[in-house]
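K.L.:
Sending over a structure as structure tokens; questions will come in a sec.
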Amino acid sequence: MARPSQQLTHEDLDRARDRLRLSRARQAELPRALRWTWVFWLLIGPGVLVFIGENDAPSMLSYLATGANFGVGFFLPFVILTFLIAWIVQEMTVRLGAVTHRGHAELIFERFGPFWGAFSMIDLLIGNLLTLITEFIGIRAGLAFFGVPAALGVGLGAAVVILASLTGRYWTWERIALGLAILNGLFVPAALLAHPDGAAVGRALLSWSPTPAGGLLSGPTLLLLLADIGATVTPWMLFFQQGAVVDKGLQPKDISLGRGETLLGMVLAAAFGIAAILASTPLHRHGVTVSGTDFARALLPYLGRVGSSLIALGLLEAGLVAAITISTSSAYAAGEVLKTGHSLNRSPREAAGFYLALGGSVLLSAAAVLIPGVPLEFVVLIVNVVAVLAMPPALILLVLLSTDREVMGDQVSGPWWTGAAVGVTIFLVLAGLLYALSVLDPGALHA
């Protein structure tokens with residue numbers, strides 16, 4: 001009789017069913033366009049979720065703060081640039097997951113040893129915990145607009161996140177998350193209700209001024225610059241997408257479509273992020289300063305009840321989807337390191353550590369939001385800044401893995417892709433150093 005380690009598990013069977021369904025779709029006797037649409041539908045998930053998940057509560061609040069403080073101008077093309085940077089990074093995780101069938105944390109431990117593995121885990125878990133706190137700030141802010149008490153709103157949010165993970169099936173979890181992610185598009189009609197100046201938007205996108213109003217090197221501008229970078233490029237994205245690619249069972253032949261659905265996620269998230277900036281520009285035009293995170297209420301005189309409700313619901317969605325994806329990234333990493341079950345295709349009984357890490361991080365973060373006196377706006381902005389400062393070490397390890405022929409085989413990163421990834425790393429290091437200098441010696445930037 002086969003040893004227990006050789007027996008097929010519930011996870012193996014579910015993943016095999018998904019692969020069989022995909023194989024049948026590829027071979028279906030249908031018109032080519034319809035057949036590949038079906039295949040793409042079956043493969044869609046990790047790339048869209050990682051980008052919509054990164055359009056999280058602190059990110060959307062950062063975009064709203066950007067529009068309120070700077071209006072239309074420098075930041076519209078800058079946000080597009082940050083999303084292009086993120087796509088370069090996330091494409092590597094698609095290839096790593098499809099080729100190695102291992103999660104990001106597991107690969108780091110295998111290739112670089114326990115020191116760098118532990119460093120990456122600590123970096124990830126601290127960053128994830130701080131970010132999850134901000135997701136519940138967004139959930140709280142969104143529901144507060146409709147009069148829901150803070151404790152009830154945060155509790156309901158935590159319940160939704162945990163229940164979504166308990167389906168025992170990756171496919172079901174993914175479709176629930178994608179269904180919620182669609183609501184990130186609520187910022188688009190909110191932006192239309194703000195009646196943005198189309199000519200100004202066009203000028204901003206086509207004739208980008210390298211300096212925002214107020215100066216590039218001012219403290220508030222640098223803080224928003226890093227917050228907007230951190231709204232698109234963060235360590236949790238690496239661990240989540242690679243883990244999701246593995247959990248979904250993508251193979252090397254799926255890489256091109258995986259790359260395409262990641263590009264789709266980038267385009268959607270960039271459009272929704274820009275919409276959030278445009279939605280808050282009436283505050284800039286009228287010189288209104290928002291204290292805290294209550295943008296929905298501040299925009300009520302300019303967007304009306306419908307527009308403000310869309311902002312509030314958008315923040316609720318942003319917090320929920322991000323909490324679902326970020327807590328899952330923590331659980332993937334914890335399960336990989338502990339060498340226990342780490343799949344949404346397993347039940348809590350089969351992967352207790354995985355679900356304890358997921359549920360524990362959610363409950364701890366939700367409780368932290370209810371602590372009296374927490375400076376919510378500062379926490380939201382600084383979390384994205386911390387994400388930028390933590391990203392370079394994670395990127396260096398990612399580049400080393402993606403250029404390792406022993407790991408990647410024929411899918412190893414070529415010179416162009418490696419150069420682009422190195423350029424992104426240098427850009428993030430310089431951004432972090434510039435911000436650090438502005439904090440330590442503000443006068444040096446204007447000398």
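The values are calculated or read from the model by the stated rules, or taken from the named source; none is laboratory data. It should be emphasised that the depicted structure is a prediction, and the values quoted were computed from it without experimental measurement. Cβ placement follows ideal geometry from the backbone for every residue including glycine, while neighbour counts extend to all protein chains displayed.
K.L.:
Suppose the filter is touching a helix residue (DSSP H, G or I) at 6+ places or on another chain (Cβ under 7 Å) and surrounded by fewer than 20 Cβ atoms within 10 Å (Cβ to Cβ); does Phe51 pass it?
P.N.:
Here the answer is no, as Phe51 does not meet what is asked.
K.L.:
Would you confirm, using the coordinates I've provided, whether Glu317 is among the acidic types (Asp, Glu) and not in a helix (DSSP H, G or I)?
P.N.:
Working: among the acidic types (Asp, Glu): yes; not in a helix (DSSP H, G or I): no.
Against the criterion (among the acidic types (Asp, Glu) and not in a helix (DSSP H, G or I)), Glu317 does not qualify.
K.L.:
Could you pull out the residue among Leu64, Leu96 that is of a type in the set (A, V, I, L, M, F, W, C), surrounded by 23 or more Cβ atoms within 10 Å (Cβ to Cβ) and closer than 24 Å to Val337 by Cβ?
P.N.:
None of the other options fit; the residue is Leu96.
K.L.:
It is to be established whether one or more residues within segment 381-389 are exposed (fewer than 14 other Cβ atoms within 10 Å of the Cβ) and either at pLDDT 85 or above or part of a helix (DSSP H, G or I) (or both). Before you say what the answer is, go through the steps one by one.
P.N.:
Looking only at segment 381-389, we keep the residues that are exposed (fewer than 14 other Cβ atoms within 10 Å of the Cβ), and these are none.
Scanning segment 381-389 turns up no residue that is exposed (fewer than 14 other Cβ atoms within 10 Å of the Cβ) and either at pLDDT 85 or above or part of a helix (DSSP H, G or I) (or both).
K.L.:
Can you tell which of Ile255, Ile277 is modelled with pLDDT under 95, over 17 Å from Leu192 (Cβ atoms) and over 15 Å from the mean Cα position of the chain (by Cα)?
P.N.:
Ile255
K.L.:
Moving to a separate point now. Filter segment 325-368 down to the residues that are polar (S, T, N, Q) and part of a loop (DSSP other than H, G, I, E, B), then identify the one that is farthest from Gly153 (Cα to Cα).
P.N.:
Result: Thr340.
K.L.:
Considering only residues that are more than 14 Å from Gly71 (Cβ to Cβ) and among the aromatic types (Phe, Trp, Tyr), look in segment 253-302 and name the one that is surrounded by the most Cβ atoms within 10 Å (Cβ to Cβ).
P.N.:
Phe295
K.L.:
Do the conditions hold for Met92, that is, is it within 18 Å of the chain's Cα centre (by Cα), in a helix (DSSP H, G or I) and at pLDDT 90 or above?
P.N.:
Yes: the conditions hold for Met92.
K.L.:
Shifting gears a bit: What about Arg175, is it part of a helix (DSSP H, G or I) and either under 21 Å from His284 (Cα atoms) or at pLDDT below 90 (or both)?
P.N.:
In short, no.
K.L.:
So which residues in segment 411-433 are free of Cβ contacts under 8 Å to residues at least 40 places away in the same chain and not β-branched (Val, Ile, Thr)?
P.N.:
Of segment 411-433, the ones free of Cβ contacts under 8 Å to residues at least 40 places away in the same chain are 412, 414-416, 418-419, 422-423, 425-426, 429-430, 433.
Gly414, Pro415, Trp416, Gly419, Gly423, Leu430, Leu433, listed by residue number.
K.L.:
Could I ask something else about it? Consider segment 112-139. How many of its residues are touching a Gly at 6+ places or on another chain (Cβ under 9 Å) and either hydrophobic (A, V, I, L, M, F, W, C) or surrounded by fewer than 21 Cβ atoms within 10 Å (Cβ to Cβ) (or both)?
P.N.:
Going through segment 112-139 one residue at a time, the tally reaches 3.
K.L.:
Could you tell me whether any residue of segment 309-329 is more than 21 Å from Pro58 (Cα to Cα), touching a Gly at 6+ places or on another chain (Cβ under 6 Å) and at pLDDT 90 or above?
P.N.:
no
K.L.:
Looking only at segment 184-198, which residues are surrounded by 16 or more Cβ atoms within 10 Å (Cβ to Cβ) and out of contact with any Leu (no Cβ under 8 Å at 6 or more places or on another chain)?
P.N.:
Passing the criteria: only Val188.
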